[in-house]
1. How many residues are closer than 23 Å to residue 245 by Cβ and either acidic (Asp, Glu) or touching a Leu at 6+ places or on another chain (Cβ under 7 Å) (or both) if we restrict to segment 135-161?
2. Of all residues in segment 93-105, which are within 27 Å of the chain's Cα centre (by Cα) and on the phi < 0 side of the Ramachandran plot?
3. Taking the condition of being over 16 Å from residue 261 (Cα atoms), in contact with a strand residue (DSSP E or B) (Cβ under 7 Å, 6 or more places away or on another chain) and part of a loop (DSSP other than H, G, I, E, B), how many residues in segment 287-314 meet it?
4. Which one is farthest from residue 336 (Cα to Cα) among residues in segment 89-101 that are in a strand (DSSP E or B) and modelled with pLDDT under 85?
5. Name the residue, out of 410, 431, 372, that is more than 34 Å from the chain's Cα centre (by Cα) and assigned by TED's automatic domain parsing to the domain that holds residue 488.
6. Determine whether segment 83-105 contains at least one residue that is among the aromatic types (Phe, Trp, Tyr) and touching a Gly at 6+ places or on another chain (Cβ under 9 Å).
7. Looking at 93, 100, 51, can you tell me which residue is surrounded by fewer than 16 Cβ atoms within 10 Å (Cβ to Cβ) and touching a residue at least 40 places away in the same chain (Cβ under 8 Å)?
8. Somewhere in segment 539-551, is a residue surrounded by 17 or more Cβ atoms within 10 Å (Cβ to Cβ), closer than 20 Å to residue 430 by Cβ and out of contact with any Ser or Thr (no Cβ under 9 Å at 6 or more places or on another chain)?
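The values are calculated or read from the model by the stated rules, or taken from the named source; none is laboratory data. Since the structure is predicted, the reported quantities are computational estimates derived from the model, not experimental observations. Counting neighbours? That spans all protein chains shown, and the Cβs are built from the backbone with ideal geometry, glycine included.
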Amino acid sequence: MCQLGPRGRKLPCAHQPLILLEGSFWILFRMCPLKRPIKWESVVTFSSPSIKNFSFPVEGGLTLELSIAQFWSSGNASHEPTCVDFEIVFHGIFIDQKVIALDGSESPMRIVARSLLASERLVPVATLNKIKIPYRPVDSNFCPLPTSRDRLPSGKQIIALTLTYKFKLEDGAEVKPHLPLLNNRIYDNKFESQFYRISDSNKCVYSSGDVYPSYVKLPKGEYTLQLYIRHENVQILEKLKQLVLFIERKLEKKDCIQLSFYSEPDGPITGNAAFKSSVLVPGEPEAFYVGPPSREKLPKGAPPGSVLVGSITYGIVSSFNKKDEQHAPASYSILCIIPPSKVDDTKEKGVSVETEKSISERLNDEVRDTKIKFLSGLKQDNEDNKSAWTELVASLKSEYPKYTPLLAKILECVHQESTSDDKISHHKEVIVAADEVVDSIDKEQLAKLLVLKPDPEDEESQKTKKKMEETRDQLADALYQKGLALAEIESLKPDESTEASAKDVFEENYKELIKWVDAKSTKYGTLTVLRERRCGRCGTALKVLNDMIQEDSEQPKKKLYDLKIQLIEEIGWAHVSAYEKQWMHVRFPPSLPPF
């Protein structure tokens, strides 16, 4: 069967050949005005005289050239005359819209289908399997190219524009950059050298390309995409400083969205009048509607303005075996704009739940949370700012004593601050801040509440459970940071004998940590590695560290690999250490390569 329709529409086509040769090479070629030629080819093998059928899309109104030849590796059969019997049958369904665009509202899109040659079975199927998220550049840089090879015969100097984009992946995925203005055009494009590269925070390049971008599989993490464009006119390049880039990501199979069809425009709301299939009579139009995806099926975390992309087919191709049916090879594009998120009413519910509090109490809570948020944004880059930050911390501690979220935020700020030249004093500050967090938590009460299972229908118990889990995480983080600080202080004093009491503090702190969390997990495993190393079990420490590196789905962390090399050297494996050091230049290059 082969399908062909007018007005340049892509239609499914299947030819059913009877071939009497061992090997053959099929090629189909069509010239399209102002477009790249459409080409389809297939290599098939026949061990004995048999029948096979194929399907491929064709373009209406254009000449089709079909060539059949024996492949060069067909053996003795390639030197003998061969008889080929084949049959081509055309089918076609004409659609009034080549691209289906859903605007993000609840309104469906009307589609009119016609059969022009013979009766056809209309079975629409639409799937959204990709998402495109738009980004603006965070930085742009002009650079006149200095070499003589970058100067035109007229004397004009070519200028390079480098655009920098930032994007983040919450989970590993296959992504592809897409620039609608520049991609897929070479000879009719006014710009040259459209190169891009994708790198991570370690300056490791994951992918690079040109006007024909390709998919690349990236792990979870933050990435930088740099786009390099050249032109001799700086005014034209100036217009591209805010060029929109789309990051196209493939959805997992479980996240792909199957769209529904209806015979009435109110079908998506009422849930009635579902449209499954129909038989098209030549010349008679058939109207139906494709509904938008439900809110629950939209990808989580997709910002408004993103575009869901997929394909839609309208017919079915039947083979010699009538049970073996497949969707038409020709497909149309369908897209859906993600609408704004629904208004979050949890705040209103929270206010209604907290109606027992007075206005002054609620105001004090808001002021307290604002002060804590302001504290985290202060910098300690000089002595004056450091002194002001210390005074503010003392004031907040006296105003809100034993308030765990405040003390946890102070610990976070102290840990991130590394301007002090005296590292031992800095680690002691971390220990003091961590002890304040631990002392502010009633561990017995916390353990009792975490053991209890809350009523799923009771909002108050659910909120209490969530609050207790946050408190547990703050406690575990404080114990973890304290353990790291104790280990660092010991490593900075290699010549001094460590008192037994100091060792007991580290061990007691570690035993307290394993009561609340898995100390071998990726988040807290570093402390387990340091403990095994302190006890002289470098092999066990190396095993735990390797498990952390392999289980971590994010980008490689340099500090883990540095620690791995230290453990290998302590074991005495010089050859393994040399091997890992060579790989460090690949995992963590000193700089990005030039374009």
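1. 9
2. 99, 100, 101, 102, 103, 105
3. 5
4. 89
5. Selected residue: 431, the only one of 410, 431, 372 that is more than 34 Å from the chain's Cα centre (by Cα) and assigned by TED's automatic domain parsing to the domain that holds residue 488.
6. Checked segment 83-105: at least one residue is among the aromatic types (Phe, Trp, Tyr) and touching a Gly at 6+ places or on another chain (Cβ under 9 Å).
7. 51
8. Checked against the condition, which is being surrounded by 17 or more Cβ atoms within 10 Å (Cβ to Cβ), closer than 20 Å to residue 430 by Cβ and out of contact with any Ser or Thr (no Cβ under 9 Å at 6 or more places or on another chain), segment 539-551 yields no hits at all.
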